[in-house]
Amino acid sequence: MWRKLINIRLIGFVILAYLLLKISRSGTLKILVDCDLVLVGAAWLLMFVSTFMKFLRYQYILIQQGVRMPLLRTIRFCLAANYLSYVTPGRIGEFSKVYFLAKASQAPANRLAAGALMDRLFDVYTLLLIAGVLGWATVSAGGIGLAGLGWLILAIAVAPLVLIIPAVRRTVIFLSGLLQKWFRGKKSWAEQVRLFFQEIDSLLCWRMIWCLAATVAAYAAFFLCCYLLSRSVDVALPFFKITLFVAIASMLSFLPISVAGIGTREASLVYFFAAEGLASESALAFSSLIFVSTYLLFGLIGFVAFMGLRYNQ
């Protein structure tokens, strides 16, 4: 099983290797060497602001769940989970913060899982909404060929919402109960799933508007960061197109075929930049800066946090 999982993760590296063979590596390196470091520094500051706003959002969700955890400890657990998400396919390692918090707070894991899922959905649906709206606007304006993207994004966005329908949820709980015939446990799967949905219901209230506000602030800072990175390598694209391209590339990073979006991000940016008449070398340089400013920078910080985790403090 693990061997197959590792093989799937190699697809992204194969894509990146293919791109590096097709472009001028020296040209890409020259663009990176000549980048505007002032703009890169400003972008990094915005990236820290974006990440901090997400940590505040998750802390607020924990408070709504009755989990009292000092902000600095929450940030430490989230940084460690970020590191694990960067080295796992589809970024599933991000849910490791459920395990960390369960050990530190003694709160039920199913409740914490509901909060972590809610936190993740704010990110996913924000990216879907941005990509959908800007993609539709680009197609309507006669821009790059994104016909059909809107329908795909809409289908992806609506799919999880069917769980809100009571009949669907009862069916999921019933099927979970059937699985209990093959697996043993202290509590039935159906009961665990029911409690999970109950926790989701408790979080779906007007108080989540503050999480929405934190998400808007976080992504405003993130996309402005990406725009500054693009300008630092002389990519003359308007802000809304950089936002669209990065949003789609970010969604592709969720695919479990690479680590930290390596390969999928570069391939999508090369495609979009080519549609705008820009060189592949510029796309690779821009993608490299995004990788360093997000995955590498916060991956290293997260690794330090992960290695120094303490649950009883």
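Each residue in region 202-233 was checked for being within 11 Å of R57 (Cβ to Cβ) and in contact with a Leu (Cβ under 7 Å, 6 or more places away or on another chain), and 1 pass. Condition check for S258 on (1) among the hydroxyl-bearing types (S, T, Y); (2) over 19 Å from D119 (Cβ atoms); (3) assigned to a helix (DSSP H, G or I): one failure, at (3). Tell me yes or no: at least one residue of region 253-263 is within 14 Å of the chain's Cα centre (by Cα) and modelled with pLDDT of 90 or more. Within region 253-263, none of the residues are within 14 Å of the chain's Cα centre (by Cα) and modelled with pLDDT of 90 or more.
If you go through region 56-98 and keep only what is surrounded by fewer than 21 Cβ atoms within 10 Å (Cβ to Cβ), modelled with pLDDT of 85 or more and aromatic (F, W, Y), you end up with just Y60.
Those helices (runs of 4 or more DSSP H) of region 264-313 in which 3 or more residues are touching a Leu at 6+ places or on another chain (Cβ under 6 Å) and of a type in the set (G, A, S) occupy 280-291.
Could you go through region 21-41 and let me know if any residue there is at pLDDT 90 or above, over 18 Å from the mean Cα position of the chain (by Cα) and over 24 Å from L229 (Cα atoms). No, region 21-41 contains no residue that is at pLDDT 90 or above, over 18 Å from the mean Cα position of the chain (by Cα) and over 24 Å from L229 (Cα atoms). Pairing residues of region 282-296 that are surrounded by 23 or more Cβ atoms within 10 Å (Cβ to Cβ) with residues that are polar (S, T, N, Q), at Cβ distances under 6 Å and at least 6 apart in sequence or on separate chains, gives L284/T28; A285/T28; F286/S230.
In region 206-245, the residue that is nearest to L278 (Cα to Cα) out of those that are assigned to a loop (DSSP other than H, G, I, E, B) and free of Cβ contacts under 8 Å to residues at least 12 places away in the same chain is A236. Name the residues in region 99-116 that are in contact with a helix residue (DSSP H, G or I) (Cβ under 8 Å, 6 or more places away or on another chain), touching a residue at least 60 places away in the same chain (Cβ under 8 Å) and surrounded by fewer than 18 Cβ atoms within 10 Å (Cβ to Cβ), would you? Answer for region 99-116, where residues must be in contact with a helix residue (DSSP H, G or I) (Cβ under 8 Å, 6 or more places away or on another chain), touching a residue at least 60 places away in the same chain (Cβ under 8 Å) and surrounded by fewer than 18 Cβ atoms within 10 Å (Cβ to Cβ): just P108. In the set R265, R310, which member is of a type in the set (K, R) and under 18 Å from T126 (Cβ atoms)? Answer to the check: R265.
The values are calculated or read from the model by the stated rules, or taken from the named source; none is laboratory data. Source: prediction; values computed, not measured. A quick note on method: Cβ atoms are made from the backbone with ideal geometry, for glycine too, and the neighbour counts reach across all protein chains shown.
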